[in-house]
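Asker: Mind having a look at this structure? Questions to follow.
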Amino acid sequence: QSECAFRELIYRYGCDLAYSPMLLASEMKKKDYWHQYVELDIGDSRCVVQLGVGDAAIAGDMARRIEQNCVGVVAIDLNLGCPERTAERGHFGSFLNAREACIIVRTIAQALRRIVVTVKIRIQETPEATARYALELVRSGACCVAIHGRSQKQKSVGPANWDHIATTVSALRTLAPVFCNGNIRSRKDVETALTITGAAGVMVAEALLAIPTLFAPTSRSTSVQLISLEYLNICKTHASSLVPLTWIRAHLLALLLAADENLVVNFAELLFAALTIDELVILIRRFVPPELHCASPVRRDLLSDHSLEIQMVSATEQELSDIVLRVQLLAVPKKDNAAAQTDREMSSSSDFTVV
């Protein structure tokens, strides 16, 4: 998730704009969804709110409501690139045809008074077709076009085709800026993409989860431990009641899995057993070496759910031994209360070794 705490982290490391998690039209009427994803999350002055919607009237209402309630937002982005099954079922993202997409863009543009509408698309059959699609969207009211250099069928697999993006940049000229997306996993890739495509900027997704410092000068630290602790500090001091612990764990896993998958094999159970941010801080300091640095992701399932089911309850600050004890208790069959109490008394006087 690109929630508020993570956006604050990447702003500190050179990111100029950040997209919100994609807001789904099918969920927006639910009070809990609006509260979690809009009221509690969106307010930073460099946030672009992206919408997953296939109905023009609903899109206009969503955009108007967000503009009125989220003062810091700079743009509403219509996601026309999502290739996932959710988008296919809801008929939005890359499953909209050009006519449908242009109608929605026009409706959003007319609904907005203070901010602008942008779009994200995927490449079409040919570079010329991609450029034509982008031009139609700009003429319908889009002020910026971000292009993922892969097709709908490719999803995020295989090399991105930057030729489509370069052709679109030439076609739009001074009409609208174009952002390049796809195959960008390092600072050097950023510079290469800008040179080859002529784009006004680059958009990074999965790689930024693994390397939040990707846009930072090379002199900045890329220590996984330091970056994780900085992120946790943001969560605690600015948004401790806003960011679900499941999201926080997912960000830590993204960092750790890319940097050292073997470390995560021994560390994941402890990570999922922690019940507070303070406990996560203890774990990061204890088990993540300061010399371990961020690395590009090599797999797509960085944020896959862990098999452990942890009950989320309020808890006071725990010591490391308590976390280890909980993990051990999760790994064995449940015992009666007397036996469990005996285990706790025996463990309280022992040192634990995590393998």
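Asker: If you split all Cα-Cα distances of segment 242-294 into 10 Å bins from zero, what percentages do you get per bin, shortest first?
Answerer: Calculated P(r), rounded to whole percents: 23, 62, 14, 0.
Asker: Just to confirm the filter: which GluC sites (Glu not before Pro) across segment 66-164 are DSSP coil and have at most 16 other Cβ within 10 angstrom of their Cβ?
Answerer: Sites meeting the loop and neighbour criteria: GLU84, GLU125.
Asker: How big is the Cα convex hull of segment 131-194 in projection, averaged over all directions, in nm²?
Answerer: Averaged projected area of segment 131-194's Cα convex hull equals 4.5 nm².
Asker: Among the listed pairs LYS29/LYS155; LYS153/LYS236; LYS31/LYS236, which have their C-alpha atoms separated by more than 32 angstrom in this model?
Answerer: Pairs exceeding 32 Å: LYS153/LYS236.
Asker: Further question on the same structure: Tell me, rounded to the nearest percent, the portion of alpha carbon pairs in segment 1-149 spaced more than 25 Å apart.
Answerer: Cα-Cα pairs of segment 1-149 separated by over 25 Å account for 24 percent.
Asker: Accessible area per residue of segment 91-143 at 1.4 Å probe, in Å²?
Answerer: That works out to 45 Å² for each residue.
Asker: While we're looking at this one, here's another question. Given the Cα atoms of segment 50-138, and with Rh set as the inverse mean 1/r over their pairs in the Kirkwood sense, what is Rg to Rh to two decimals?
Answerer: Result: Rg/Rh = 0.97.
Asker: With every protein chain present, what is the per residue accessible area of segment 35-78 (1.4 Å probe, Å²)?
Answerer: Numbers: 1670 Å² over 44 residues.
Counting only protein heavy atoms, the per-residue value for segment 35-78 is 38 Å².
The values are calculated or read from the model by the stated rules, or taken from the named source; none is laboratory data. Just so it is clear, the model here is predicted, and its values are computed rather than measured. Methodologically, a virtual Cβ is constructed for each residue, glycine included, from the backbone with ideal geometry; neighbour enumeration extends over all protein chains shown. The protein model used for the area step is the full one, side chains on, heavy atoms only, and it has no ligands, DNA or RNA in it. Shrake-Rupley method; radii C 1.70, N 1.55, O 1.52, S 1.80 Å.
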